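To start, the structure under review is shown below, and the notes come after it.
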Amino acid sequence: MSASERRAAPRTAVVWDVLDPVLAGASLDVVDIGGGTGGSAVRIAGLGHRVTVVDPSPDALAALGRRARERGVEVVGRQGDLSDLPALVGPDGADVVLCHGVLEVVDDAAAALASIREVLRPGGHLSLLVAQRHAAVVARAMAGHFAQAAALLDSTEVHGRTRRYTAAESATLLDSAGFRVVATHGVRVFADLVPGSLLDLEPGASAGLVELERAVADRPEYLSLATQVHLLAT
């Protein structure tokens with residue numbers, strides 16, 4: 001495992017633990033919103049699914065194409081954003097929609113989720129990954145930015161171009177948009193606190209951190225410490 005893979009594994013393992021059962025079996029139509037250079041899309045395409053990445057950046061889509069070719073898979077890239085989603089996906093819709101790190105930067109979260117609801121087939125799954133506000137407060141306080149930490153305490157407004165949510169706020173947004181949350185997990189509870197040099201130098205450290213992340217992901221007492229919250233909804 002490369003150094004970059006060792007560092008990435010603790011940050012993503014919990015999300016993939018949730019998604020892998022959803023992606024098991026028959027070939028599915030998957031849409032990755034804001035999928036950028038294809039970190040998730042190429043992996044999913046490698047499982048035999050039909051994947052479309054919707055992203056506003058032509059540079060990111062070009063990088064996606066290169067990555068897909070290097071891995072020997074096919075991924076469709078379409079330039080656009082959530083407001084364009086129904087037209088880009090088409091009337092047949094999708095079985096799975098990934099919306100990772102996107103809801104934080106849209107102007108209207110309710111409208112964004114309504115667009116996703118429109119393209120998701122009955123019985124389909126939405127994988128929503130959002131930045132979690134409580135952890136951002138702690139991170140800013142630990143960095144000495146006490147005024148910023150105080151401003152974030154109860155705010156759903158944009159701070160530094162990003163809007164952050166609690167797990168409860170995210171669940172309420174999904175419920176209001178007509179989704180049913182079936183699983184909620186904390187992501188990166190400890191991963192952002194552990195120095196990357198430790199993972200590079202200490203044998204077995206990355207694997208141990210992955211197992212620790214998995215152990216606390218569904219424990220509510222650790223949810224407020226998680227950098228991100230992952231919600232799976234239907």
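The values are calculated or read from the model by the stated rules, or taken from the named source; none is laboratory data. Note that this is a predicted model, so its numbers are computed, not measured. FYI the Cβ positions are ideal-geometry reconstructions off the backbone, even for glycines, and counts take in every protein chain you see. Areas reflect the complete protein model, heavy atoms only, side chains present, ligands, DNA and RNA absent. Shrake-Rupley method; radii C 1.70, N 1.55, O 1.52, S 1.80 Å.
Of note:
- Protein accessible area in the chain, 1.4 Å probe - carbon and sulfur %: 53 percent
- Backbone N within region 100-134 under 13 Å of label point (7 Å from residue 84 Cα along the Cβ vector): none
- Taken as entire DSSP H runs, the helices of the chain that both span 27 Å or more between Cα atoms along their own long axis and average -0.5 or more on the Kyte-Doolittle scale are 3-23.
- In the elastic network of the chain, a GNM with C-alpha springs shorter than 10 Å, the most mobile of 11, 180, 71 is 71.
- Choice from 88, 128, 193 showing the highest fluctuation, given a GNM over the chain with Cα pairs closer than 10 Å: 193
- Selection from 40, 12, 53, by position along the positive dipole direction of region 1-140 (Cβ): 12
- Averaging Cα coordinates gives a centre for region 208-224 and one for region 124-185; these two points are 18 Å apart.
- Virtual paramagnetic centre 7 Å along Cα→Cβ of residue 155, amide N under 19 Å, in region 106-136: 106-109, 131-136
- Among 20, 95, 218, the order of accessible area from largest down is 218, 20, 95, computed with a 1.4 Å probe on protein heavy atoms.
- Shape category assigned to region 113-223 from the gyration tensor of Cα positions, a/c cut at 1.5: oblate
- Among 170, 155, 224, the residue with the largest mean-square fluctuation in a Gaussian network model of the chain, with springs joining Cα atoms closer than 10 Å, is 155.
- Accessible surface, per residue, of the chain when the full set of protein chains is kept, probe 1.4 Å, Å²: 49 Å²
- Only Lys, Arg (+1) and Asp, Glu (-1) charged, at Cβ; the chain dipole about Cα centre in debye: 300 debye
- Extension gain for the segment residue 234 to residue 105, taken as residue separation times 0.36 nm less the Cα-Cα distance, is 44.2 nm to one decimal.
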